[in-house]
Amino acid sequence: MPRGTDEVSEPMYYVLTALLDGPLHGHAIMKVILELSGGRVKPSVGTLYGILERLGDRGLIVVDREETVNGRARRYFRISDSGQGVLEAEARRMQEAAALVMKRSTAHA
């Protein structure tokens, strides 16, 4: 959700979608986002962690676990039930918006 709103930005949508298959750490989330978006959405590391923080603050994701890998902490995130609900609602909203455009476009063809 962009700051101060209930909307889901495109990068947030992809983060939540990436977490549907299970907990992931930041680097893995970035890799999945790149794959899901066909390379179109490429958040920087700083942007990704800002998104993760905002999603966590809203209760849409939670920390699943932490590990130490090569002396560095690695935090895994998972989508919460409310996060899944928000993601599904956003997918329905986009589907309805796309259907409206397609219906109107076909009517004018």
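The values are calculated or read from the model by the stated rules, or taken from the named source; none is laboratory data. All values derive from a computational prediction rather than experimental measurement. Here the Cβ is made from the backbone with ideal geometry for all residues, glycine too, and neighbour counts use every protein chain on show.
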**Request:** Taking residue 43 as meeting all but one of (1) more than 15 Å from residue 13 (Cβ to Cβ); (2) in contact with a Phe, Trp or Tyr (Cβ under 9 Å, 6 or more places away or on another chain); (3) modelled with pLDDT under 95, write down the number of the exception.
**Result:** (1)
**Request:** For residues that are part of a helix (DSSP H, G or I) and touching a helix residue (DSSP H, G or I) at 6+ places or on another chain (Cβ under 6 Å), scanning just region 79-89, find the one that is surrounded by the fewest Cβ atoms within 10 Å (Cβ to Cβ).
**Result:** 87
**Request:** Can you work out which of the residues in region 48-62 that are closer than 17 Å to residue 30 by Cβ, without any contact (Cβ under 8 Å) to a residue 40 or more places away in the chain and not acidic (Asp, Glu) is surrounded by the most Cβ atoms within 10 Å (Cβ to Cβ)?
**Result:** 52
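Among the listed residues 16, 34, which satisfies the condition of being over 19 Å from residue 94 (Cα atoms), surrounded by 15 or more Cβ atoms within 10 Å (Cβ to Cβ) and not acidic (Asp, Glu)?
The match here is 34.
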**Message:** On the basis of being surrounded by 11 or more Cβ atoms within 10 Å (Cβ to Cβ) and either acidic (Asp, Glu) or on the phi > 0 side of the Ramachandran plot (or both), does residue 71 make the cut?
**Reply:** no
